[in-house]
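See structure below.
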Amino acid sequence: ADWISWMAQSGLNVLKLHMAPKEDNLLPFLKSLKGREVLRQAQDARIEIEYEIHALSLLLPRALFKKSPDLFRMDIRGNRTADSNLCPSNEKALDIVRAAAVALIDRLSPTTSRYCLWPDDGGKWCHCPKCAALSDADQNVAVMNTLIDTLRFRDPDARLACLAYAGTLNPPSQMVPDRGLFLEWAPISRCYRHAINDPACAVNREYATGLHALLQVFEPADAQVLEYWMDASMFSHWTRPAVRLPFDKDIMRRDVDYYRS
């Protein structure tokens with residue numbers, strides 16, 4: 001797709017490139033002729049590039065599970081599993097993730113120094129004796145805190161997203177976000193027939209209440225919204241052929257006015 005010319009015509013100024021670890025297609029794309037051409041065109045159009053990656057399975061290879069299951073999360077039945085994320089209480093796991101994160105950002109160029117190394121997509125967190133008292137949101141903040149502390153040694157301007165999404169939409173109650181974290185709010189299961197602040201919609205009313213709570217913990221001026229107004233894949237339930245996008249410009253405008261407020 002001719003992303004850059006479309007973006008320039010629309011006045012959009014940041015292109016975010018996304019990857020899920022199982023696809024492993026972002027880094028090869030950046031090296032390819034097409035990828036390099038996209039980056040060059042973006043630079044010419046003064047469009048910045050950022051990267052959004054569900055990264056924890058990439059940073060902590062699942063192949064390590066056989067020899068070191070304690071690096072990985074424990075489920076509520078007491079079994080270690082490599083299905084997603086990691087054990088935030090395991091220092092060796094954090095050491096591996098920190099080193100891998102530094103190596104990864106070295107390959108993500110150009111950059112704005114705003115990094116998005118998210119938890120695994122919809123992944124569950126740890127319920128081992130050391131982690132059980134921490135909510136999913138607290139475990140997410142704990143991992144992001146240790147990552148940003150390390151990334152700053154490589155990039156002094158580094159900022160890191162703390163993704164509020166799926167199981168981490170509630171604010172942390174025990175962990176305090178590092179000053180280098182910014183809130184990225186992704187209300188993927190909201191209702192798109194109503195504006196996010198429509199009091200007549202019980203679903204969105206709950207989301208709006210949660211956003212207010214998060215903004216008591218994170219700096220509002222740094223927060224960003226990851227919205228799905230034009231996400232054809234989501235509205236098609238991630239299957240092909242895609243459905244006609246049920247886009248409502250009025251809903252989007254009302255949402256944006258609310259977010260700006």
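Right, residue 141: open to solvent by 60 Å² or more (accessible area, probe 1.4 Å) and under 26 Å from residue 212 (Cβ atoms) or not? It is false that residue 141 is open to solvent by 60 Å² or more (accessible area, probe 1.4 Å) and under 26 Å from residue 212 (Cβ atoms).
Which one of these is open to solvent by 20 Å² or more (accessible area, probe 1.4 Å), among the charged types (D, E, K, R) and over 15 Å from residue 110 (Cα atoms): 31, 66? I'd like the intermediate steps shown before the answer.
Numbers: 31 fails: over 15 Å from residue 110 (Cα atoms).
Going through 31, 66 in turn, the sole match is 66.
Those helices (runs of 4 or more DSSP H) of region 1-54 in which at least 1 residues are in contact (Cβ under 8 Å) with a residue 40 or more places away in the chain and closer than 20 Å to residue 160 by Cβ, considering only elements entirely within it, cover 26-31. With respect to the conditions (1) buried (at least 21 other Cβ atoms within 10 Å of the Cβ); (2) of a type in the set (Phe, Trp, Tyr); (3) without any contact (Cβ under 8 Å) to a residue 40 or more places away in the chain, residue 207 lacks only one, and its number is (1). The residue of region 150-173 that is nearest to the chain's Cα centre (by Cα), among those that are surrounded by fewer than 22 Cβ atoms within 10 Å (Cβ to Cβ) and in a helix (DSSP H, G or I), is 166.
The number of residues in region 106-116 being open to solvent by less than 10 Å² (accessible area, probe 1.4 Å) and modelled with pLDDT under 95 comes to 1. Against the list (1) over 28 Å from residue 188 (Cα atoms); (2) open to solvent by less than 70 Å² (accessible area, probe 1.4 Å), the condition residue 119 fails is (1). Only one entry in 215, 147, 226 is without any contact (Cβ under 8 Å) to a residue 60 or more places away in the chain and surrounded by 16 or more Cβ atoms within 10 Å (Cβ to Cβ), namely 147.
The values are calculated or read from the model by the stated rules, or taken from the named source; none is laboratory data. Just so you know, these numbers come straight off a predicted model, no measurement behind them. Every residue, glycine among them, receives a Cβ derived from its backbone with ideal geometry; neighbour counts consider all protein chains shown. These accessible areas exclude ligands, DNA and RNA; they are computed on the full protein's heavy atoms, side chains included. Shrake-Rupley method; radii C 1.70, N 1.55, O 1.52, S 1.80 Å.
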